[in-house]
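K.L.:
Structure below; questions to follow.
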Amino acid sequence: MSWSVIGIIFSLAFIVVLALRGWHIIVIAPLAVVIVSILSQMNIMETMTGPYMKGFTNYAGKFYLIFLAGSLFGKFMEDGQAARSIADGILKVIGRESPMRVMLAVSIISFCLTYGGVSLFVVIFAVIPISRPLFKEMNLPWHLWLAANIFGAASITMTMMPGTPQIQNIIPTKYMASTTYSAPLVGLTGAVVVIIFNIFYFRYILRKSKERGETYEDPPAGVLGAGAPASGPMPNVFLSLVPPIVVLILLNFDIPYIKRDAVVALVGGVLACIILFWKYYANIVDTLSKGALNTVVPIVNTCADVGYGMAVAATTGFKLISSWLLAIPGHPVISLAIATNIMAAITGSASGGLGIIMETLVPKYLAMGVSPDLIHRIAAMASGGFDAMPHNGVVITTLAVAGLTHKNAYKHLFFGHVVADTLGLIAAIPVGIWIYG
């Protein structure tokens, strides 16, 4: 094994350990680049100002407007009380008569919000205040909330469902002739596996929790949802569904004189929110400002991840790893799935890892004659598996905001997302090969 490969492995371990100790990825990523540079015998400053900053700025240039528009849409849905109205409507249908129904209700709420275009970061803040009273009413231990939320908010709506407006389903369209509806049956196959796995996992953890005698405990002051749940007037639930539907239509269908583009679709959703929910905004300028500011952390985190990944991609060790991956026997999408999972794990980011694969390896797969639609779906699905390592920004943010820790809750995220998505991907690959050859 070369020193460069060792450097890649050591830098990844370095990132994971420091992330678990509370260090921020914006600080960790450049330090990890230093480690990679030294062990790969590369000039540190040339690597930092070259591949690292190139990856950082290229990603920002391609996707900043999408992050901005998505963040604004989520904030307008939240402040316009539409997200709360949708959640309340789902609860009325699903009911809250049993622990399993409560778990499924939280999952469905998260699913609907993310499939409707609301950012995962925003969903965290929208769902926790709704969930806490339910968990308290059913006397469920709060750590189970993570299992319910991650099932609905990530995985299937992030990478698998046809037409989803989440960034992971949009990134491939910027690099090749694919659409957000690419390989729908492949994605749906994975989604079915994830759904079945999580339902059985819910039953298992609810039974184990009951056997251990676990109960709900009130969170400390200052934790989101610790106070009274959100209240006040809300728009009609059917009216609340209009902006997400507008986003999905603009993103996935050709409309005369309107460009089919993620930014256009999300801005259309924002305009629909303003028109429909005008009276619910206490200060629309404040909503606009906070929505824009909410863009900063996700985009900078991801850019830092991508910069580190591009520095890794410039090493001789990465070339050795790439050659090994491309030489894996069988259909090329098998190596594509493995490569994307590895890069998502290294960067701790689904969108970051996916962006690097699109930049560095996808041209080689296209040259092999692999269908762009199949590449799109398999790469997107693979990005949403091992991305959820302990140093992942969303993982750290979710645990902190929910008042949970890696020790008491990360296992739910690992099984409900990492394991479930990997099984879904394994089931989807043969379907994709069968359909697209």
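K.L.:
Scan the range 327-382 for residues that are free of Cβ contacts under 8 Å to residues at least 24 places away in the same chain, of a type outside the set (A, V, I, L, M) and closer than 29 Å to residue 395 by Cβ and report the count.
P.N.:
Residues that pass the stated criteria total 1.
K.L.:
Residue by residue through the range 263-284, note down the ones that are surrounded by 17 or more Cβ atoms within 10 Å (Cβ to Cβ) and assigned to a loop (DSSP other than H, G, I, E, B).
P.N.:
Within the range 263-284, 277, 281 qualify.
K.L.:
Now a separate question. How about the range 266-285: which of its residues are free of Cβ contacts under 8 Å to residues at least 60 places away in the same chain, among the aliphatic types (A, V, I, L, M) and closer than 18 Å to residue 119 by Cβ?
P.N.:
Answer for the range 266-285, where residues must be free of Cβ contacts under 8 Å to residues at least 60 places away in the same chain, among the aliphatic types (A, V, I, L, M) and closer than 18 Å to residue 119 by Cβ: 271, 272.
K.L.:
Right, residue 75: crowded, with 22+ Cβ neighbours inside 10 Å and either touching a helix residue (DSSP H, G or I) at 6+ places or on another chain (Cβ under 6 Å) or closer than 29 Å to residue 404 by Cβ (or both) or not? Steps first, answer last, please.
P.N.:
Working: crowded, with 22+ Cβ neighbours inside 10 Å: yes; either touching a helix residue (DSSP H, G or I) at 6+ places or on another chain (Cβ under 6 Å) or closer than 29 Å to residue 404 by Cβ (or both): yes.
Here the answer is yes, as residue 75 does meet what is asked.
K.L.:
Only one of 133, 162 is surrounded by fewer than 22 Cβ atoms within 10 Å (Cβ to Cβ), under 25 Å from residue 302 (Cα atoms) and either in contact (Cβ under 8 Å) with a residue 24 or more places away in the chain or small (Gly, Ala, Ser) (or both). Can you tell me which?
P.N.:
Going through 133, 162 in turn, the sole match is 162.
K.L.:
Could you figure out which of (1) assigned to a helix (DSSP H, G or I); (2) within 25 Å of residue 28 (Cβ to Cβ) isn't true of residue 333?
P.N.:
Of (1) assigned to a helix (DSSP H, G or I); (2) within 25 Å of residue 28 (Cβ to Cβ), only one is false for residue 333: (2).
K.L.:
Being crowded, with 21+ Cβ neighbours inside 10 Å and at pLDDT 95 or above narrows it down to one residue among 186, 192; which is it?
P.N.:
Details: 192 fails: crowded, with 21+ Cβ neighbours inside 10 Å.
Criteria check complete, one pass: 186.
K.L.:
Next question, about the same structure. Can you name the number of the only condition in (1) surrounded by fewer than 20 Cβ atoms within 10 Å (Cβ to Cβ); (2) within 29 Å of residue 126 (Cβ to Cβ) that residue 364 fails?
P.N.:
Of (1) surrounded by fewer than 20 Cβ atoms within 10 Å (Cβ to Cβ); (2) within 29 Å of residue 126 (Cβ to Cβ), only one is false for residue 364: (2).
K.L.:
Also, I was wondering about something else. Cβ contacts < 6 Å: first residue over 16 Å from residue 242 (Cβ atoms), restricted to the range 71-97; second residue among the charged types (D, E, K, R), any location; separation 6+ or different chain. Result?
P.N.:
That search, which allows pairs on different chains as well, returns 75/290; 94/101; 95/101.
K.L.:
Could you list, in sequence order, all residues of the range 286-295 that are more than 18 Å from residue 116 (Cβ to Cβ) and within 24 Å of the chain's Cα centre (by Cα)?
P.N.:
288, 289, 290, 292, 293, 295
K.L.:
All but one of (1) part of a loop (DSSP other than H, G, I, E, B); (2) over 28 Å from residue 56 (Cα atoms) hold for residue 260; which doesn't?
P.N.:
(2)
K.L.:
Can you name every one of the helices (runs of 4 or more DSSP H) wholly within the range 63-148 that holds 3 or more residues which are modelled with pLDDT under 80?
P.N.:
Those helices (runs of 4 or more DSSP H) span 82-94, 120-138.
K.L.:
Still on this model: When you scan the range 39-56, do you find a residue that is surrounded by 18 or more Cβ atoms within 10 Å (Cβ to Cβ), farther than 30 Å from residue 285 by Cα and in contact with a Phe, Trp or Tyr (Cβ under 6 Å, 6 or more places away or on another chain), even just one?
P.N.:
yes
K.L.:
Might you let me know whether the range 23-33 holds any residue that is buried (at least 17 other Cβ atoms within 10 Å of the Cβ), within 26 Å of the chain's Cα centre (by Cα), at pLDDT below 85 and in a helix (DSSP H, G or I)?
P.N.:
The answer is yes; a qualifying residue exists.
K.L.:
Name, by its number, the condition in (1) surrounded by 17 or more Cβ atoms within 10 Å (Cβ to Cβ); (2) more than 23 Å from the chain's Cα centre (by Cα) that does not hold for residue 248.
P.N.:
Only one criterion in (1) surrounded by 17 or more Cβ atoms within 10 Å (Cβ to Cβ); (2) more than 23 Å from the chain's Cα centre (by Cα) is unmet by residue 248, namely (2).
K.L.:
Here's a follow-up. List the number of the failed condition for residue 147; all other conditions in (1) out of contact with any Phe, Trp or Tyr (no Cβ under 9 Å at 6 or more places or on another chain); (2) within 29 Å of residue 67 (Cβ to Cβ); (3) not basic (Lys, Arg) hold.
P.N.:
Going through the list (1) out of contact with any Phe, Trp or Tyr (no Cβ under 9 Å at 6 or more places or on another chain); (2) within 29 Å of residue 67 (Cβ to Cβ); (3) not basic (Lys, Arg), residue 147 breaks only (1).
K.L.:
Right, here's the next one. Can you tell me which residue in the range 34-59 is nearest to residue 351 (Cα to Cα), limited to those that are part of a helix (DSSP H, G or I) and of a type in the set (Ser, Thr, Tyr)?
P.N.:
Only one residue fits best here, namely 59.
K.L.:
Right, here's the next one. Looking for something under 23 Å from residue 354 (Cβ atoms), in contact with a Ser or Thr (Cβ under 7 Å, 6 or more places away or on another chain) and of a type outside the set (Phe, Trp, Tyr) - is there at least one such residue anywhere in the range 10-28? Walk me through how you get there before you give the answer.
P.N.:
Filtering the range 10-28 for residues under 23 Å from residue 354 (Cβ atoms) gives 11-16, 19, 24-26, 28.
Subset that is in contact with a Ser or Thr (Cβ under 7 Å, 6 or more places away or on another chain): none.
No, the range 10-28 contains no residue that is under 23 Å from residue 354 (Cβ atoms), in contact with a Ser or Thr (Cβ under 7 Å, 6 or more places away or on another chain) and of a type outside the set (Phe, Trp, Tyr).
K.L.:
Next up: Check 353, 369, 385 and return the single one that is at pLDDT 85 or above, surrounded by 19 or more Cβ atoms within 10 Å (Cβ to Cβ), part of a loop (DSSP other than H, G, I, E, B) and out of contact with any Phe, Trp or Tyr (no Cβ under 8 Å at 6 or more places or on another chain).
P.N.:
Of 353, 369, 385, the one residue that is at pLDDT 85 or above, surrounded by 19 or more Cβ atoms within 10 Å (Cβ to Cβ), part of a loop (DSSP other than H, G, I, E, B) and out of contact with any Phe, Trp or Tyr (no Cβ under 8 Å at 6 or more places or on another chain) is 385.
The values are calculated or read from the model by the stated rules, or taken from the named source; none is laboratory data. Please read all numbers here as calculations on a predicted model, not as lab measurements. Counting neighbours? That spans all protein chains shown, and the Cβs are built from the backbone with ideal geometry, glycine included.
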